[in-house]
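Please treat every number below as a calculation from the coordinates, not as lab data. In this text the structure is predicted, and so the values were computed from the model without any measurement. Cβ atoms come from the backbone with ideal geometry, glycine included; neighbour counts cover every protein chain shown.
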Amino acid sequence: MDDLSFRTDLAQQLRVDSVRASDAAGSGHPTSSMSAADLLAALLDGHLRLDFGKPDDPRNDHLIFSKGHASPLYYSVLKAAGAIDDEELLTFRKFGSRLEGHPTPRVPWTDVATGSLGQGLPIGVGVALAARDLDRLRNRVWVLCGDSEMTEGSVWEALEHAGHAGLDNLVALVDVNRLGQTGETMHGWDLEVYSARFHAAGWRTLLVDGHEPEQIETAMQEATTPDGRPVVILAATKKGKGVAAVEDEPGKHGKPLPDAAEAIEELGGARDLRVEVAKPTEDAVPHTFSATGGAAPEFELGSEVATRKAYGQALTALGGRRGDVVALDGEVSNSTFSEVFREAHPERYFEMYIAEQQMLATAVGMQVRGWTPFASTFAAFLSRAYDFVRMAAVSRATLNLMGSHAGVAIGEDGPSQMGLEDLAEFRAVHGSTVLYPSDANQTVRLVELMAEQEGISYLRTSRGALPVLYAPDDADFRIGGSRTLREGDDITLIGAGVTLHEALRAAEQLSVAGIQARVIDLYSIKPVDVDAVRGAAVETQAIITAEDHWPEGGLGEAVLSALAGSGIATPVRQLAVREMPGSGSPAQLLHQAGIDAEAIAGAARKVLGR
């Protein structure tokens, strides 16, 4: 049997196994899998370089199913490569199986979770950047995309960045099968429309009939001959290819075939072909960056420093001590101060421009290869990439995010620039860590802790300069901790960031009236210091929380969650931003929101009846 005949037979096996797996599950997307089977058969037999026995080999190619709903095809590929057996294939979508409805890294050959369309290609860009610019290896990143997801804005961010960066180690395979979930896609089988858009972004475009092995092979050979540009193979295919009852028929998306046995017979019956997938042979090891050392920055007690500035200096120092740390920014590095890192470590700095989805996707892709990414932009703009954060948690990814310019305290720029939702957003992410420093030296320590933390860590920083409260050698900070800056038995004031300083001023005002206020710096919003919060509730008469954030999901609700179920009935008064702010000075806006020292002291007097 020649190679093309074998691939034709292999493609039929991939279709049959996609049908079988979906039939056994009673759900799935076999028709979306069947359209791309010829592309994957060619890739598997001759072009992919991946040692399935060593999924962590840094020289391996990467295969990302951006079209994650075609998971029956992915798992059928794993079976053909000998990575899983037929028994496991038929556990698809069953409780406890690692072959979930959409791929996740529970399967060791899966770099990231996919299924939220429009994510695989942007993450592929991140993996390709890591391979070329950080690992400095010659492996290739293959991404299977569906035509429906080509309308996603994140895809066009990926096209732009890959073209701009000249990622000729990235190949996109676009399965243009014309049919989406509810009807025909925007451009149907018009490959020229797709080609023009890729070409305009700097890609090399190859157009094929996705069911013609000779055309596919020619395109694959061209794609693996680099010329300084990323490559896309645009393949016209038919959904449900090979089974008359579903081939190119609308309304069949996401459904098992009506008669699996008949479909399997029509496809030529079950097979048990195995492919000896080529292993990487290049004698190479990943590049590492030397750690040149350098002390952490120190800030003088009583001086005033913005925590965003401390972040930039802390990250730069960390990068000097750890060669695995990389920085990404969304074209605001002179505001987030990641520009300090860029000047010190230019080979590990990545400008992602105004494309927050691509920035997050790149961070996810880089951590796939073991790098430790820190990505920064304004807190408000991270919301654009929230789905990437959500899916990064599904991917069990470890990355660090910094959101600056948070809250009304940014002042005159107005509400479009004010991050007022970010604490709630990141607290809601599975396994996340949410930190909110109140001074520069604390920021330095929290950045260091983030780099050691698994999962998704978020650091909220402030625009304006804040007084330095903690000594440079004060290392008593931890994930899940807090600091009590002032003792008192009457009432507890809890803040973080700018509101901590307002709470300290409020405590001074209250002391004049004979009220002794305890002040807690709740710098760890998640996990929250349950012991400190409950201790304050038992030992004082009431708690006042103040936060430069909407009342939903932020510091105040973190405190309430710490008290939930404790049986402690101490009253809690939650001060937060409740009305839409406008422009003004930080002092004016904090006062208007009712979260400045005057408001905190007033709330304390009211709850105590004084």
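Structure values in brief
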item	result
Gap separating the Cα centres of region 141-163 and region 62-105, nearest whole Å	22 Å
Relative contact order [Cα under 8 Å, 6+ residues apart], region 304-467, whole percent	30 percent
Cα coordinate range in the chain, projected on the principal axes (Å, largest first)	92, 50, 41
Fewest-first sequence of I479, I491, I84, I410 by Cβ atoms within 10 Å of each Cβ	I479, I84, I410, I491
Amide H contacts under 5 Å for V434, placed H, 5+ residues apart	Y458, I525, K526
Share antiparallel - DSSP beta bridges, the chain, percent rounded to 5	15 percent
Three-way shape call for region 304-467 based on the alpha-carbon gyration tensor, with the a/c threshold at 1.5	rounded
Which listed pairs, of K94/K238; K94/K241; K79/K255; K79/K238; K255/K279, have C-alpha distances above 30 Å, in listed order	K255/K279
Cα-projected label distance for K54 with F289, points at 7 Å along beta-carbon direction, nm	2.6 nm
Three-way shape call for region 148-218 based on the alpha-carbon gyration tensor, with the a/c threshold at 1.5	oblate
Rel. contact order, % - alpha carbon contacts under 8 angstrom, at least six apart, region 3-266	23 percent
Extension reserve of the M186-M580 stretch, reckoned as 0.36 nm per residue once the Cα distance is removed	138.0 nm
Amide H within-cut-off set for A542, under 5 Å, with H built and near neighbours excluded	T492
Distant-in-sequence amide H partners of H549 (H built 1.01 Å from N, under 5 Å)	V577
Relative contact order of the chain, pairs being alpha-carbon contacts under 8 Å that are 6 or more residues apart, as %	12 percent
DSSP beta bridges in region 3-266 [antiparallel fraction, %, rounded to 5]	5 percent
Segment D209-R610, length gained on full extension (0.36 nm per residue, minus Cα span)	136.3 nm
Neighbour-count ranking [beta-carbon atoms within 10 angstrom, fewest first] of T225, T492	T225, T492
Length gained when the stretch A513-A393 is fully extended (0.36 nm per residue, less Cα-Cα span)	38.3 nm
C-alpha center-to-center spacing [region 458-514, region 190-204] in angstrom	55 Å
Per-pair calculated FRET efficiency, R0 = 51 Å: E347 and L560 via Cβ, rounded to 0.05	0.65
